[in-house]
Amino acid sequence: MKIYEYAIRRIFLLIFVIFGVTIITFIFTRVLLNPLAAYITDKTPPDAVIAIIQAHGFDRPIYEQYFIYLKDLVTLDWGWSNVGHMALTDAIRTFFPATVELTILAIIITVLIGVPLGIISALKNNKWQDHASRIFSLVGISIPVFWLGLSLQYAFTYWTRSIGLPFLPSTGRVDPLLLIQNPVQGWTGMLMLDSFLQGNFVITLDVFKHLILPAITLAFLNVGILTRLTRSSMLEVIRQDYITMAKAYGLPRRVIIYKYALKNAMIPVITSVGLIFGGMLGGAIITESIFSYPGMGWLSYRAIVFNDSNTILAYVVVVAIIFVSVNLLVDIIYAWLDPRIKY
Amino acid sequence: MEKVLEVKDLSVQFKTYRGIVKALNGISFDVLKGEMLGLAGETGSGKSVTSQAIMRTLPENSKIAGGSVLFEGKDLLKLTEKDIEMVRGRSITAVFQDPHTYLNPVFRIGQQFKDILLNDPAISSIKDKKKREATINEKMTQSFRDVKMPSPERIIRSYPHELSGGMKQRVLIAMAFSLKPSLIIADEPTTALDVTIQAQVLRLMRELQKKYHTSVVLITHDLGVIAENCDRIAIMYAGRIVEFGDVKTVYAKPLHPYTQGLMRALPRADKDAQIESIGGTVPDLVNPPKGCTFHERCRNVMDVCKTSPPSPLFHEGRIVECHLYNEPLGGS
């Protein structure tokens, strides 16, 4: 079977997975939370409440409510987000690109540090470089994210500022005053990309400064995971017979390591990067909350705290779509890396 | 005859958690130009370690404790890592045991073959890319014809998993002979193949060896294979060469008790005799027995065998390491 046929079949399956996810989350949120909460306040007159209930079908049986919800989902009428103070589709359009921006920077840091460190660790097995990188990754895995985030804020914002050094912003996505002076049109919603494409480099730089600390926080744990995985995968591959063969045929070490070994070793690493990427795109709840970074994690955290069932539902569906798509992507990369895989 | 390879007094040790494994204890042999030398012995006797030491592909926990490996006048053990890379793949190549694991699964055969051919300065120095690719392609096709592979173009585009075991071993042999090396080390090249393919593959190697006048060291535990293909044989036991001579001479009258035991252990079609095995097990090379390493299993054991190791002797047209033929001591 050709790879695109496989992709199409997987996209069909993707629909069913998301369908299943909506059933479960819909039932949980409708049963546990008050769907009305998004539409009324203490001051809403009682007859208006009844009208709202009827308008949204909250008086119907739950399966009918589900179909109403499904219809709204497909027609992109996702309702109101209380915590976002806007329609949910708009909220996602606003918050998701922020997370994408953060995720891309974090995954770049993760891969650029994790993979080379793992390779060095494997090639210098049991030498000091290996021990150093293993300690580093163990520290990365062990440090709690909230502690690291707060420490970075302390070190690079408060402390550097207190001794008069240049410092990094500790919260938010961009300096609002600066944004008013240098307005950016929202093309993709990714502020850094938009401002860069529009030649508004003041904002690009400011957004980048805001991204540094949360991206490092988000990347740190994953760097540790990826370093370990790359190390063990590489160690396994360089013990394989085909590496001995390449050596026995006098191939240069450069070719043996970076061509023959790396392609084999990268197969499990790609899976892991895919999962990490999917996880990050779903929003890093702790990181985004610490840095008050207006992304999906921050939105979902507030939705859960304030019982905003509409937002929770939408969030779960978005995360499900992201995860299934990333998995599909990983599978396609797999087939390209490893010719033994047939679909 | 001209010697291609001369191994002198080579010793290799491995560091393990149990102690130092003395895998090779001063072995000496030579390989003549255009001959096929059989290296025989049980598992753990040091056959593969010998080949790894010659090619300098020993694992990291090993140490060359002494000796020299002279190849075309150079001591391979003294070469720098860069210089040994120039020898590997050009002057010395190898054919390995399991063709299924010695080809990289994620690259096409053509790609892997190309990297090997690029070792040849005559090919890698061609500046024009198109011309170089054409030369490489021609060379690959020629090599595949040499090993009698049908449709070389298809093989070049295949991944290893798309070929059968016998085909893969032919690919390895084609690779080994492609740069016309002066020495090929074949480490149990047929063990992983089924019997009918085994004979084909060996015949092929023999043909190519004659055609290109290459020297081959054939490592195997199959004495039949050596009898059919080799000119000379070296029998290894516990990191030493116990008997070394012409195949005809050694097979006609094996002198060392271990060789005799091996011969008795061969199944024979012409005699209705029981197969005999050699009693006991291979000694632990961390603490090898004192004296002759074989004395615990030897039928002809004498007192001297338990205390002093025998030294190599010329006897009846071969080299043998046994006190039995040491006239002043063992002649009683």
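The values are calculated or read from the model by the stated rules, or taken from the named source; none is laboratory data. Quick caveat, the model's predicted, so the values are computed rather than measured. Every residue, glycine among them, receives a Cβ derived from its backbone with ideal geometry; neighbour counts consider all protein chains shown.
For the subset of the range B:59-84 comprising residues that are within 14 Å of another protein chain (Cβ to nearest Cβ) and among the charged types (D, E, K, R), which member is nearest to residue B:213 (Cα to Cα)?
It comes out as B:83.
Answer with yes or no whether residue B:148 is away from every other protein chain (no Cβ under 14 Å), in contact (Cβ under 8 Å) with a residue 40 or more places away in the chain, exposed (fewer than 15 other Cβ atoms within 10 Å of the Cβ) and out of contact with any Ser or Thr (no Cβ under 8 Å at 6 or more places or on another chain).
On the way: away from every other protein chain (no Cβ under 14 Å): yes; in contact (Cβ under 8 Å) with a residue 40 or more places away in the chain: yes; exposed (fewer than 15 other Cβ atoms within 10 Å of the Cβ): yes; out of contact with any Ser or Thr (no Cβ under 8 Å at 6 or more places or on another chain): yes.
Considered against the rule, which asks whether it is away from every other protein chain (no Cβ under 14 Å), in contact (Cβ under 8 Å) with a residue 40 or more places away in the chain, exposed (fewer than 15 other Cβ atoms within 10 Å of the Cβ) and out of contact with any Ser or Thr (no Cβ under 8 Å at 6 or more places or on another chain), residue B:148 comes out as yes.
Being in a helix (DSSP H, G or I), crowded, with 18+ Cβ neighbours inside 10 Å, outside the structural domain of residue A:240 (by TED's automatic domain parsing) and not aromatic (Phe, Trp, Tyr) narrows it down to one residue among A:179, A:117, A:148; which is it?
Sole residue among the options that is in a helix (DSSP H, G or I), crowded, with 18+ Cβ neighbours inside 10 Å, outside the structural domain of residue A:240 (by TED's automatic domain parsing) and not aromatic (Phe, Trp, Tyr): A:179.
Between a first residue in the range B:94-107 that is free of Cβ contacts under 8 Å to residues at least 24 places away in the same chain and a second residue that is surrounded by fewer than 24 Cβ atoms within 10 Å (Cβ to Cβ), which pairs have beta carbons less than 8 Å apart while being 6 or more apart in sequence or on different chains?
That search, which allows pairs on different chains as well, returns B:101/A:240; B:101/A:241; B:101/A:242.
Quick one: which of A:302, A:239 is surrounded by fewer than 21 Cβ atoms within 10 Å (Cβ to Cβ), of a type in the set (Lys, Arg) and more than 14 Å from chain B (Cβ to nearest Cβ)? I'd like the intermediate steps shown before the answer.
Details: A:239 fails: more than 14 Å from chain B (Cβ to nearest Cβ).
None of the other options fit; the residue is A:302.
Say whether the condition of being at pLDDT 85 or above and within 14 Å of chain B (Cβ to nearest Cβ) is met by at least one residue in the range A:310-320.
Our first condition is that a residue be at pLDDT 85 or above; within the range A:310-320, this holds for A:310-320.
With the extra rule that they be within 14 Å of chain B (Cβ to nearest Cβ), the set shrinks to none.
No, the range A:310-320 contains no residue that is at pLDDT 85 or above and within 14 Å of chain B (Cβ to nearest Cβ).
Quick check on residue B:45: is it buried (at least 19 other Cβ atoms within 10 Å of the Cβ), among the hydroxyl-bearing types (Ser, Thr, Tyr) and either in a loop (DSSP other than H, G, I, E, B) or free of Cβ contacts under 8 Å to residues at least 40 places away in the same chain (or both)? Talk me through it step by step, then tell me what you get.
On the way: buried (at least 19 other Cβ atoms within 10 Å of the Cβ): yes; among the hydroxyl-bearing types (Ser, Thr, Tyr): yes; either in a loop (DSSP other than H, G, I, E, B) or free of Cβ contacts under 8 Å to residues at least 40 places away in the same chain (or both): yes.
Yes; evaluated as a whole, the condition is true for this residue.
If you check every pair at least six apart or on different chains, which have Cβ atoms under 9 Å apart with a residue in the range A:122-140 that is touching a residue at least 60 places away in the same chain (Cβ under 8 Å) first and a residue that is buried (at least 17 other Cβ atoms within 10 Å of the Cβ) and not in a helix (DSSP H, G or I) second?
Close Cβ pairs satisfying both conditions: none exist.
Find the residue count for the range B:85-116, including only residues that are among the polar types (S, T, N, Q), touching a strand residue (DSSP E or B) at 6+ places or on another chain (Cβ under 6 Å) and more than 8 Å from chain A (Cβ to nearest Cβ).
Of the range B:85-116, the ones among the polar types (S, T, N, Q) are B:91, B:93, B:97, B:101, B:104, B:111-112.
Subset that is touching a strand residue (DSSP E or B) at 6+ places or on another chain (Cβ under 6 Å): B:93, B:97.
With more than 8 Å from chain A (Cβ to nearest Cβ) added as a condition, the list becomes B:97.
Counting residues in the range B:85-116 that are among the polar types (S, T, N, Q), touching a strand residue (DSSP E or B) at 6+ places or on another chain (Cβ under 6 Å) and more than 8 Å from chain A (Cβ to nearest Cβ) gives 1.
When the residues of the range A:75-101 are filtered to those that are in contact with a Leu (Cβ under 6 Å, 6 or more places away or on another chain) and in a helix (DSSP H, G or I), which remaining residue is surrounded by the fewest Cβ atoms within 10 Å (Cβ to Cβ)?
Among them, the one singled out is A:89.
Residue A:72: over 26 Å from residue A:206 (Cβ atoms) and in a loop (DSSP other than H, G, I, E, B), yes or no? I'd like the intermediate steps shown before the answer.
Working: over 26 Å from residue A:206 (Cβ atoms): yes; in a loop (DSSP other than H, G, I, E, B): no.
Taking the combined requirement at face value, the residue does not satisfy it.
Before we move on, is residue B:33 farther than 26 Å from residue A:262 by Cβ, charged (D, E, K, R) and assigned by TED's automatic domain parsing to the domain that holds residue B:12? Full working, then the answer.
Working: farther than 26 Å from residue A:262 by Cβ: yes; charged (D, E, K, R): yes; assigned by TED's automatic domain parsing to the domain that holds residue B:12: yes.
It is true that residue B:33 is farther than 26 Å from residue A:262 by Cβ, charged (D, E, K, R) and assigned by TED's automatic domain parsing to the domain that holds residue B:12.
Suppose we keep only residues that are within 14 Å of another protein chain (Cβ to nearest Cβ) and in a helix (DSSP H, G or I) within the range B:117-137. Which one would you say is nearest to residue B:181 (Cα to Cα)?
Looking only at the range B:117-137, we keep the residues that are within 14 Å of another protein chain (Cβ to nearest Cβ), and these are B:117-121, B:123-124.
If we keep only those that are in a helix (DSSP H, G or I) as well, we get B:117, B:121, B:123-124.
Details: B:117: 12, B:121: 14, B:123: 15, B:124: 17 Å.
Among those that are within 14 Å of another protein chain (Cβ to nearest Cβ) and in a helix (DSSP H, G or I), it is B:117.
With respect to residue A:255, is the statement that it is under 29 Å from residue A:339 (Cα atoms) and more than 14 Å from every other protein chain (Cβ to nearest Cβ) true? Reasoning before the result, please.
On the way: under 29 Å from residue A:339 (Cα atoms): yes; more than 14 Å from every other protein chain (Cβ to nearest Cβ): no.
Here the answer is no, as residue A:255 does not meet what is asked.
Within the range A:234-305, considering only helices (runs of 4 or more DSSP H) that don't extend past its boundaries, which have at least 1 residues that are under 28 Å from residue A:329 (Cα atoms), assigned by TED's automatic domain parsing to the domain that holds residue A:130 and modelled with pLDDT of 90 or more? Outline the logic, then answer.
Values: elements: A:241-248, A:262-281, A:285-290, A:296-305.
Ranges flagged: A:262-281, A:285-290, A:296-305.
For every residue, the table says whether it meets (1) within 24 Å of the chain's Cα centre (by Cα); (2) closer than 19 Å to residue A:321 by Cα; (3) among the hydroxyl-bearing types (Ser, Thr, Tyr).
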residue	(1), (2), (3)
A:43	no, no, no
A:51	no, no, no
A:54	no, no, no
A:58	no, no, no
A:68	no, no, no
A:71	no, yes, no
A:87	yes, no, no
